[in-house]
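Worksheet: one structure, shown below.
The values are calculated or read from the model by the stated rules, or taken from the named source; none is laboratory data. The shown structure was predicted, so the numbers you read here are calculated from the model rather than taken from an experiment. Here the Cβ positions follow ideal geometry from the backbone for every residue, glycine too, while neighbour counts run over all protein chains shown.
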Amino acid sequence: MAKVPINVKVNGVEHNVDIEPRLLLVHFLRENLRLTGTHIGCDTSHCGACTVVMDGRAIKSCTAFAVQADGRSIMTVEGLEQDGKLHPLQDGFFQEHGLQCGYCTPGMLMTGYVFLGTNNNPTEDEIRHAISGNLCRCTGYVNIVKAYQYAAQKMREGGAEDGAKNIA
Amino acid sequence: MAPKTSPEIGGMGHSVKRKEDPRFLRGLGNYVDDVNLPGMLYLDIVRSPYAHATINNIDISKATAIPGVLAVITGKDLEKYNLHWMPTLMSDTQMVLPVDKVMYQAQEVAAVLATDRYIAADGVEAVEIDYDPLPVVVDPKKALLPDAPVLRTDKKDKKDNHIWHWEWGNRDATDQLFREAEVTVKEDIYIPRIHVSSIETCGCVAHFDKVNGKLTVWMTTQAPHAIRTVFALVAGHVGLSEEKIQIISPDIGGGFGGKVPVYPGYVIAVAASVLTGKPVKWIEDRMENLQADSFARDYHITAELAGKKDGQLTALRIKTIADHGYTDAAANPSKFPAGLFHVCTGSYDLKAAHVEVDGVYTNKPPGGIAYRCSFRVTEAVHTIERMADLMAHEIGMDPAEFRMKNFIKPEQFPYKSALDWEYDSGNYAAALQLAMDKIGYTELKKEQAEKRARGELMGIGISSFTEIVGAGPSKHFDILGIKMFDSAEIRVHPTGKVIARFGTKSQGQGHETTYAQIVAEELGFPVDSVLVEEGDTDTAPYGLGTYASRSTPVAGAACAVACRKIKDKARKIAAYLLEAHEDDLEWETGKFFVKGSPDRAKTIQEISLAAYTNHPPGMEAGLEAVNYYDPPNLTYPFGSYICVVDIDKGTGEVKIRRFVAIDDCGNIINPMIVQGQIHGGLTMGLGPALYEEIQYDESGNILQGSFMNYLLPTAVETPNWETANTVTPSPHHPLGAKGVGESATVGAPAAIVNAVVDALWHLGVRHIDIPITSAKVWKLLRDAGVKD
Ligand code: FES
Ligand code: FES
């Protein structure tokens with residue numbers, strides 16, 4: 001199949017590459033760029049394991065073609081940690097036991113990244129609806145809600161730094 | 001129980017943060033689809049659109065003409081190597097790829113090998129198969145009728161679809177008690193086929209290194225060692241030898257029983273790698289996973305309970321038809337075709353019981369894995385908890401009072417059940433009482449009465465379950481002849497750091513943390529200095545794997561015993577270093593000291609160094625131990641759950657208002673992790689109770705073949721679980737622990753159903769099969785003449 005050129009920024013790094021037009025964004029990230037933190041859990045856009053941020057919006061990368069990312073900027077779970085400091089959400093998941101097998105976790109983090117960016121003082125109900133497009137089979141969601149609340153508080157306090165230091 | 005160690009040591013009872021989390025939180029886990037080898041090929045599978053059909057012809061020419069498609073593998077290709085069939089764990093047989101007919105929709109029919117994932121999918125589209133449809137049998141009861149088509153025509157002399165009959169208990173004594181009973185209740189209970197749906201599907205990367213003749217398989221498996229042996233047994237005749245097979249179970253994105261069996265895709269990928277000498281990756285997509293493997297339950301149960309008018313239960317009688325699909329590929333210990341279903345007398349002191357189960361073939365994919373449960377325990381618990389509730393309602397007794405009256409009493413333990421299990425320990429009344437206190441049972445009852453008077457529908461449901469986990473004692477438990485022990489191998493390095501390896505494999509349970517805590521508890525090494533490894537058969541000691549809540553009861557015990565061996569040697573070294581007699585030494589977390597002079601002490605770190613630098617003459621150097629633990633008994637975790645539901649009269653929607661779960665898993669290693677396991681388990685109880693079911697139409701077409709209609713609970717449907725524990729240690733486990741991963745999935749559905757039936761009892765409703773969908777409730781309400 002004929003390849004087409006795209007220009008896409010992923011976690012701040014620019015990529016000029018030729019790809020097949022049918023290549024899904026999730027496969028582009030996982031296989032072409034080897035950013036395997038973004039996962040695949042379904043083929044019907046239901047599980048959210050593939051969630052990444054594209055131009056500030058959380059999208060399901062299994063439901064987008066890589067060519068649709070042309071000229072855009074993507075952030076994946078690998079981009080959350082900044083200058084060796086974990087994002088408050090990563091810290092929240094660690095502190096509140098918001099993950100077990102870890103497979104849904106990158107998607108949950110990226111959904112949260114965008115959600116908490118627009119609402120850093122959410123109610124439990126708002127959090128539950130925000131993550132209703134992300135399935136977790138392990139945690140029963142209770143601790144994911146707590147992880148979001150933990151992160152929201154840290155973000156309100158502007159204390160991303162001190163929160164993250166507990167994780168090796 | 002207050003922890004014995006400091007938080008820095010982090011032994012049992014501390015909510016130590018998980019050691020596995022940092023890599024997962026950074027997106028740096030290593031799941032099977034993350035494995036990427038140079039020159040790796042991709043395998044994709046052509047699946048049958050028919051549930052039962054003869055294969056006339058498979059035309060691969062268009063597929064192989066696609067650039068990048070290297071081969072299309074069919075059953076005929078595997079037949080040359082006698083690899084087209086494989087044994088199941090229950091000593092039945094299962095097709096790897098069919099030669100002449102297919103037995104279920106989505107069955108693997110051919111496999112396309114290509115240089116790229118997308119090209120492999122193109123190849124799948126291009127394979128042309130000519131089928132002749134055959135009559136389909138989906139209803140196991142119809143499958144048993146004399147005129148039903150015989151499905152397993154591959155088995156010479158097979159004249160029907162009956163697989164086996166199994167029974168347990170005292171039939172005569174049970175029948176006698178039923179004849180004498182003052183009250184009996186009877187109910188048909190269907191526990192439908194469901195699917196584990198771990199968010200990661202199944203898959204593998206098989207790499208046969210032609211130079212060394214070594215096969216390495218990265219594989220989503222909960223039991224890597226057993227898989228290695230199975231591969232050696234099944235493929236020995238084509239030259240695979242067990243010392244040259246390495247199974248690596250990398251990070252696993254949830255298992256829940258679905259990653260115990262060997263599925264055809266794994267075998268085809270291995271065969272493809274052996275034939276090509278190239279690494280081959282096979283990863284199921286979600287629809288393949290939902291349509292072809294990882295199915296559980298499917299029990300058609302008729303249960304009867306006998307008792308006295310005052311509520312005293314006497315006997316239980318159960319007959320069951322077990323729908324296994326086209327082969328019995330259940331994941332059970334060999335001796336138990338119905339798993340541990342005969343723990344169905346539950347938490348109650350019955351005089352006699354009798355259980356019969358008949359296994360049946362139908363045109364469905366193989367079922368019978370244990371969806372987050374220890375071999376059919378959920379089926380058992382659901383039955384007894386539904387029946388107990390039915391009896392309580394029937395005689396007009398409060399279901400809590402009824403349970404209190406019939407519970408096995410604390411002083412009766414160890415307790416021999418009517419079906420011959422020896423329950424290790426329990427205090428069932430204490431757990432139920434705590435649940436009642438926490439939820440405010442009396443006030444809820446009052447509220448319910450008021451609401452009922454106003455025509456509002458509210459229900460309260462209880463489930464007081466007893467599980468049976470930690471398989472198991474070698475006398476009774478084996479898988480394909482391999483006894484169900486598990487193992488730990490612990491090495492202490494000179495600088496006082498530890499590596500500990502196990503025969504189990506975490507799929508999210510947090511073994512890297514909890515096993516390290518056991519080492520910390522036993523030897524006083526800080527939890528941070530203990531590295532836990534599992535899942536690589538080249539390095540880890542042999543074990544049967546992680547399922548049936550067996551990791552803590554079996555491998556956890558092995559860990560404790562291995563640590564105690566190390567401690568015995570450490571004591572000798574300490575005595576030598578302190579120039580004291582061993583008997584004069586006392587242990588305090590992390591050090592030995594001379595009785596009466598606490599400053600004459602050697603820390604475990606000093607002893608570790610001495611084991612390599614200054615060990616006593618005549619003693620072997622080093623500080624390590626291995627234990628293969630054969631549990632003397634199973635463990636019996638228990639709990640009481642209370643659920644409150646409100647039902648919308650207009651839509652039939654069931655809303656869980658509150659759910660209090662009291663669990664007793666014996667002594668607790670990590671309270672945070674235990675609570676997390678219970679949250680997750682409850683949610684996997686909620687799913688089947690209200691949403692999850694796999695159905696087939698008359699032609700054998702699956703009706704819930706994707707996440708569009710197989711509904712997993714999201715955060716919105718899931719309530720804010722309220723959890724707490726009572727602690728009744730297991731008397732025979734070295735740490736007093738029992739295991740917890742599955743309790744909540746086993747116990748929760750009955751509490752939810754009991755609550756819904758309680759809300760509708762006055763309308764004449766006696767039982768509803770799970771899942772209790774809004775449509776089912778809506779219909780019951782309309783039938784009862786209820787207006788919205
Ligand atoms: S992989 Fe499931 S929504 Fe994208
Ligand atoms: S942690 Fe396993 S799916 Fe969410």
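Key figures for this structure:
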{"item": "Residues located in region B:512-528, provided they are within 13 Å of chain A (Cβ to nearest Cβ) and either touching a strand residue (DSSP E or B) at 6+ places or on another chain (Cβ under 6 Å) or among the small types (Gly, Ala, Ser) (or both)", "result": "B:GLU512"}
{"item": "Candidates B:ASP358, B:ASP389, filtered to the one that is over 23 Å from the mean Cα position of the chain (by Cα), of a type in the set (Asp, Glu) and on the phi < 0 side of the Ramachandran plot", "result": "B:ASP389"}
{"item": "Hits in region A:45-88 (condition: within 14 Å of ligand 1 (Cβ to nearest atom) and at positive phi)", "result": "A:SER45, A:GLY48"}
{"item": "Close pairs (7 angstrom Cβ cut-off, 6 or more residues apart or separate chains): within 13 Å of B:LYS17 (Cβ to Cβ) in region A:90-104, of a type in the set (Phe, Trp, Tyr) and away from ligand 1 (no atom under 16 Å from the Cβ) anywhere", "result": "A:GLY92/A:TYR148; A:GLY92/A:TYR150; A:GLN95/A:TYR150; A:GLU96/A:TYR150; A:LEU99/A:PHE93; A:LEU99/B:PHE24"}
{"item": "Inter-residue pairs, beta-carbon under 6 Å, first touching a residue at least 24 places away in the same chain (Cβ under 8 Å) and within 7 Å of chain A (Cβ to nearest Cβ) and in region B:12-28, second among the hydrophobic types (A, V, I, L, M, F, W, C) and part of a loop (DSSP other than H, G, I, E, B), 6+ apart", "result": "B:PHE24/A:LEU99"}
{"item": "Residue tally, condition within 16 Å of ligand 2 (Cβ to nearest atom), not in a loop (DSSP other than H, G, I, E, B) and not small (Gly, Ala, Ser), over region A:111-142", "result": "4"}
{"item": "Of residues in region A:38-75 being part of a strand (DSSP E or B) and closer than 21 Å to B:GLY29 by Cα, the one farthest from ligand 2 (Cβ to nearest atom)", "result": "A:ILE74"}
{"item": "Filter result (in a helix (DSSP H, G or I) and free of Cβ contacts under 8 Å to residues at least 24 places away in the same chain) within region B:748-766", "result": "B:LEU763"}
{"item": "Any chance B:GLY687 is surrounded by 24 or more Cβ atoms within 10 Å (Cβ to Cβ) and more than 28 Å from B:TYR423 (Cα to Cα)", "result": "yes"}
{"item": "Failed condition for B:MET684, given (1) away from every other protein chain (no Cβ under 14 Å); (2) touching a Ser or Thr at 6+ places or on another chain (Cβ under 6 Å)", "result": "(1)"}
{"item": "Matching residues, region A:90-110, being part of a loop (DSSP other than H, G, I, E, B) and either facing chain B (nearest Cβ under 8 Å) or of a type in the set (D, E, K, R) (or both)", "result": "A:GLU96, A:HIS97, A:LEU99, A:GLN100, A:CYS101, A:GLY102, A:TYR103, A:CYS104"}
{"item": "Residue within region B:385-400 that is in the same structural domain as B:SER743 (by TED's automatic domain parsing), of a type in the set (Lys, Arg) and closer than 28 Å to B:GLY666 by Cβ present", "result": "yes"}
{"item": "Residue in region B:247-254 that is at pLDDT 95 or above and more than 16 Å from ligand 2 (Cβ to nearest atom) present", "result": "yes"}
{"item": "Test set (1) within 14 Å of chain A (Cβ to nearest Cβ); (2) not in a loop (DSSP other than H, G, I, E, B) - B:GLU717 fails condition number", "result": "(2)"}
{"item": "Residues that are part of a helix (DSSP H, G or I) and charged (D, E, K, R), drawn from region B:3-39", "result": "B:ASP21, B:ARG23, B:ASP33, B:ASP34"}
{"item": "Residues of region B:152-211 that turn out to be outside any loop (DSSP other than H, G, I, E, B) and within 14 Å of chain A (Cβ to nearest Cβ), as a count", "result": "4"}
{"item": "Test for B:GLN448: is it under 29 Å from B:ARG550 (Cα atoms), outside any loop (DSSP other than H, G, I, E, B) and away from every other protein chain (no Cβ under 14 Å)", "result": "no"}
{"item": "Subset tally (residues that are surrounded by 14 or more Cβ atoms within 10 Å (Cβ to Cβ) and either modelled with pLDDT under 95 or touching a Lys or Arg at 6+ places or on another chain (Cβ under 6 Å) (or both)) for region B:28-54", "result": "5"}
{"item": "Number of the condition not met by B:TYR371 [criteria: (1) among the hydroxyl-bearing types (Ser, Thr, Tyr); (2) under 12 Å from B:GLY346 (Cα atoms); (3) surrounded by 24 or more Cβ atoms within 10 Å (Cβ to Cβ)]", "result": "(2)"}
{"item": "Counted residues, region B:476-499 - those being in a loop (DSSP other than H, G, I, E, B) and either within 14 Å of B:ALA625 (Cα to Cα) or among the acidic types (Asp, Glu) (or both)", "result": "1"}
{"item": "Subset of region A:25-46 (residues that are under 22 Å from B:PHE707 (Cβ atoms) and more than 9 Å from chain B (Cβ to nearest Cβ))", "result": "A:LEU25, A:VAL26, A:LEU29"}
{"item": "Test: residue in region B:40-50 that is within 14 Å of chain A (Cβ to nearest Cβ), touching a Pro at 6+ places or on another chain (Cβ under 7 Å), more than 24 Å from B:SER506 (Cα to Cα) and not in a strand (DSSP E or B)", "result": "yes"}
{"item": "Options B:LYS572, B:LYS602: the member that is over 30 Å from B:VAL196 (Cβ atoms), buried (at least 20 other Cβ atoms within 10 Å of the Cβ), in the same structural domain as B:ALA500 (by TED's automatic domain parsing) and of a type outside the set (A, V, I, L, M, F, W, C)", "result": "B:LYS602"}
